[in-house]
Amino acid sequence: MKTYSYLARLLLALCAFVCFHSPPARAADAVPTVTTDREDYPPYSVVWITGAGFQSDETVSNQVVQVAGPAAGTAYEPWEVVADTNGGFETSWFVFTDDLANTTLQLTSTGESSGLSAQATFTDGTTPLPLRSDSTTCIFGGSSSQTIDATFGSSISTLAFTATTTYDFFSPPLGSSQALTGGNRLEQHSG
């Protein structure tokens with residue numbers, strides 16, 4: 001009986017030693033993440049960024065690097081944001097030029113005190129739009145121009161720009177079983 005009692009006390013002491021000398025689990029022990037609201041962005045659009053799993057109230061440095069495209073390896077100006085009490089943050093990055101079209105960009109977010117890091121990849125790709133018909137006969141056509149004037153700023157710096165884009169559009173040719181009705185609706189007719 002004494003051997004059993006001695007063994008139980010020894011195990012209890014060993015468990016207490018291990019429990020008090022092990023570092024406590026922290027929220028920052030979780031794997032941090034960073035995500036963007038979309039996978040692809042056109043020029044002059046805003047990338048909305050969400051991070052999680054960093055330390056509470058930690059300053060997180062963010063940087064975007066072009067990983068594929070005409071200027072692969074180019075690192076753009078980093079910026080900082082402070083994580084909330086749960087280790088999360090929200091921030092944004094502006095796709096500031098059409099020179100980024102057809103590029104792949106990688107965002108890296110790094111906690112300055114913890115060293116925790118997360119990455120997200122997004123593109124500034126172009127989407128070919130099937131706007132022009134191969135036929136010389138079009139039901140309608142024309143062009144549309146859009147001008148964007150925007151100013152972004154803070155107490156540190158201001159960015160202002162104007163951009164104009166023009167799109168040409170033409171309808172596909174209508175087959176013999178199709179007709180336009182009601183101005184702009186396309187209806188199928190049985191032939």
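Read-outs throughout are calculated quantities, based only on the coordinates presented, and are distinct from any laboratory measurement. All figures in this text were calculated on a predicted structure; none of them were measured in a lab. As a convention, Cβ positions derive from the backbone with ideal geometry for all residues, glycine included, and neighbour counts pool all protein chains shown.
A single member of E90, E80, E58 is under 17 Å from the mean Cα position of the chain (by Cα) and within 17 Å of T33 (Cβ to Cβ), and it is E90. Of everything in the range 56-65 that's surrounded by fewer than 19 Cβ atoms within 10 Å (Cβ to Cβ) and not charged (D, E, K, R), which residue is farthest from F96 (Cα to Cα)? Here the residue is S56.
Scanning the range 104-115 for residues that are polar (S, T, N, Q) and more than 14 Å from the chain's Cα centre (by Cα) gives T110, S113, S114.
Each residue in the range 102-115 was checked for being surrounded by fewer than 16 Cβ atoms within 10 Å (Cβ to Cβ) and in a loop (DSSP other than H, G, I, E, B), and 4 pass.
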